[in-house]
Amino acid sequence: MIRAAPLLFTAGLALAGLGALRDFGDAWIARTDLPPVLTETSVEVVDRTGTLMRVFPVEDGRWRLAVSVSDVDPLLIDMLIRYEDQRFWSHAGVDPLALIRAALQSAWHGEIVSGGSTLTMQLARLLENGSTGQWSGKLRQMRLALALERRLTKDQILSLYLLHAPYGGNLEGIRSATRAWFGKDPRRLTHAEAALLIALPQSPEARRPDRNPDTARAARDRVLARLAQDGVIAQDDTQVALRSAVPLRAHRFPALAPHLTDQVAVQDPVALRHHLTLDARLQARLERLLQEDMAQAPPRVSAALVVADHRTGEILASVGSPDFTDTQRQGFVDMTRAIRSPGSTLKPLVYGLAFDQGLVHPATLIHDGPVQFGRYAPQNFDGQFRGDIRVRDALQLSLNIPVIKLTHAMGPARVMSAISRAGVEARVPGGKPGLAISLGGIGLSLRDLVQLYAALASGGEAIPLSHLPQAEQPKTRLISRSAAWQIGHVLADLAPPPGAPAHAVAYKTGTSYGHRDAWAVGWDGRHVIGVWVGRPDGTPVPGAYGADAAAPILFKAFGSLKPAFDPLPPPPPETLLLGAAQLPQPLQRFSARQSGLQQANAPELTFPPDGASLSLSDAGLVVKLRGGQRPYAILSNGLPVAMNIHAQEVEMPNPGAGFSTLTVVDAQGQSARVNIRVLD
């Protein structure tokens, strides 16, 4: 009888209060100080479809996910109200009838059988973390419940209850509970799941299903039995629910892309929900892929991977390490952002620029032999020389000497300018680029490298990569369409790793000095993927090559991305598809020069000037030349339009409306170019 005293007291208050509140109740309730109802909720990161990727606990270590009534299955709402507070929609915060019933039951049984508290009163207790067993605490809850009902709507009260109800351990709120116990949000629930969620808040620790499954099941079944007795649940549904098992373990909260999600949370600490362009399912598959591949790797070796849509610039997956928690491999270091030497992976860009400059064509012969530039004498990776070789073969074999010759002819500054136009900030040792930049003598991140390759993949137009949704970004022309296609055509002919399909992906591998970094970057008709393998501390990995360590992961990543490759595009109409013998004479063989394009006798296009906008109507375009060694050849967008020219002024066909690149090549292979726009 003693334990029933608070309920008897409050029942008396309820009866007396019906008349008393008419006299002074309004003022009493109005003076009530409400506790804070704006509560900290977990920061969430979602993918492109709204799928949850990462949840951060609130400051006290609790999982408290934001929720409203509209986020919850109506089945649970109906069962909760019918079980806990049948007159919820009509009472003013206190249900006198429920209190009287509870008091009479307590007096008859000598103990508390039912509490008589409304959901609003339970919310009041949760907001103040107050007690329920003392009459003073019950009175405070009644007063606070009445005040809450006057200042909030019923949906707001119900949403607050669903946000604060405890579900065992550090789980608070219905979304945290369904995520932990069922691995899903509360939008779709079974009768058994809903009944367990109703039972748990009454005694969350004693009824935790992972620790006390029998107690949890018994409490759930009591809820089901009473609701079935009241006609809320059909008998068939009740029997199915009673046969359902209770969860025996809690699901982990998602923690995909931990490096990137940490970054976005730090960059915008005020936001409670971050939207990314990533694909959660793809991210999970690729994280497992790297974990499986690195399980057999040497100690301290890590890996990273980036996937992007080169048409839109959206990053679809970003894996900074195989395991964020692996301290031996320094898994906490995001190797998609770490600055490393790119090895030979910049060679395709250099060749693309050389194609545009009219220096070479894929069929051009170039000499691979001993060469020296001042004190710099580059060597091929294997120390051998191959003599005269086609440019396409030099790129496929990743020879060093031919690409150094082209870099010297154009000037390292031109290569650095192209990298900058692609939106990439490269770190140059000493601040001044040298010829070795083409062999990896600069610092880039994996994400930078994927952005560069996205330009090659999208017809030579650079687009900023982003993991955040954004409006359509302007593209910057890096190289011509024909040059980009030629690079892709050459790289697609590389032999793939064993078991991978041929000609499906244009890709390039690279290995930095001392085997510190192994790379593979490639693209098909829609996506570009970059892979890095190495040690985060920069120490060598003996015997690690891009072709062996990174390329197999690249092709597996494409397999995880989609069931079939998107075809590479056909050549643009302006592409020069000729063998060496059919090429203009200056393009048949590359002739090295002493000082690249800065020679005093280099050819010049004096008209039209670079950047000019011209209105030609139906007339041809007059081009004026000077300098260099005659005869000249003129190319428009990579396609020869005038050959064997000895005059300094020549009329060429109208290149058509839009932007065009005009290139003049002299008899010594020296070249110059201008970009013009022909108006409609």
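Read-outs: derived from the displayed coordinates by stated rules, not from any lab. The structure presented is a predicted model; accordingly, all values stated were derived computationally and were not measured. Positions of Cβ are backbone-derived with ideal geometry, glycine not excepted, and every protein chain shown enters the neighbour counts.
For LEU316, the residues whose amide H sits under 5 Å from its own are VAL307, ALA308, ASP309, ignoring neighbours fewer than 5 places away on the same chain, with H placed 1.01 Å from N. In order along the stretch 333-341, phi translates into HN-Hα couplings of 7, 7, 7, 6, 10, 5, 7, 9, 7 Hz, rounded to whole numbers, per the Karplus curve 6.51 cos²θ - 1.76 cosθ + 1.60 with θ = phi - 60° and x for Gly and Pro.
Please determine, in degrees from 0 to 90 and to the nearest 10, the orientation of helix 412-421 with respect to the longest principal axis defined by the Cα atoms of the chain, where the helix direction is its Cα long axis. The helix 412-421 is inclined about 30 degrees to the chain.
Scoring 651-662, 265-276 by mean Cβ neighbours within 10 Å over their residues and listing the highest first yields 651-662, 265-276. Rounded to the nearest angstrom and listed largest first, the equivalent-ellipsoid semi-axes of the stretch 246-294 from its Cα gyration tensor are 23, 18, 10. Spatially, the stretch 379-430 and the stretch 478-526 are offset by 15 Å when compared through their Cα centroids.
Residue by residue, the stretch 467-484 carries 3J(HN,Hα) couplings of 9, 10, x, 8, 5, 4, 8, x, 9, 10, 5, 9, 9, 5, 4, 5, 5, 5 Hz when phi is fed to the Karplus relation 6.51 cos²θ - 1.76 cosθ + 1.60 (θ = phi - 60°); x denotes Gly or Pro.
When VAL240, VAL674, VAL528 are sorted by how many other C-beta atoms sit within 10 angstrom of their C-beta, beginning with the fewest, the order is VAL240, VAL674, VAL528. Taking the number of Cβ atoms within 10 Å of each Cβ as an exposure proxy, the fewest-first ranking of ILE81, ILE157 is ILE81, ILE157.
Between the residues THR190, GLY638, TYR161, the greatest Cα displacement towards the positive end of the dipole of the chain, with unit charges on the Cβ of Lys, Arg, Asp and Glu, is found for TYR161.
Between LEU272 and ALA218, the simple spin-label model (points 7 angstrom out along Cα→Cβ) gives 3.9 nm. Once the mean of 1/r is taken over each pair of separate Cα atoms and inverted, the stretch 599-678 shows a Kirkwood hydrodynamic radius of 12.4 Å. Placing one equal scatterer on every Cα of the stretch 177-293 and applying the Debye formula, the log10 ratio I(q)/I(0) at q = 0.22 Å⁻¹ is -1.15. Counted by neighbouring Cβ atoms within 10 Å, the residues ARG249, ARG677, ARG62 run from fewest to most as ARG249, ARG677, ARG62. The Rg/Rh ratio for the chain is 1.19, where Rg is the radius of gyration of the alpha carbons and Rh is the Kirkwood radius.
Dividing the mean sequence gap of close Cα pairs (under 8 Å, 6+ apart) by how many residues the stretch 413-469 holds gives a relative contact order of 34 percent. In degrees, nearest 10, range 0 to 90: what is the angle between the Cα axis of helix 258-267 and the longest Cα principal axis of the chain? The two axes meet at around 80 degrees.
In the chain, helical runs assigned H by DSSP with n ≥ 4 each contribute -39500 (n - 2.57); averaged across all residues and rounded to the nearest 500, the mean residue ellipticity at 222 nm is -10000 deg cm²/dmol.
Measure nothing fancy, just the Cα-based angle from helix 5-20's long axis to the longest principal axis of the chain, in degrees from 0 to 90, nearest 10. Approximately 90 degrees, to the nearest 10.
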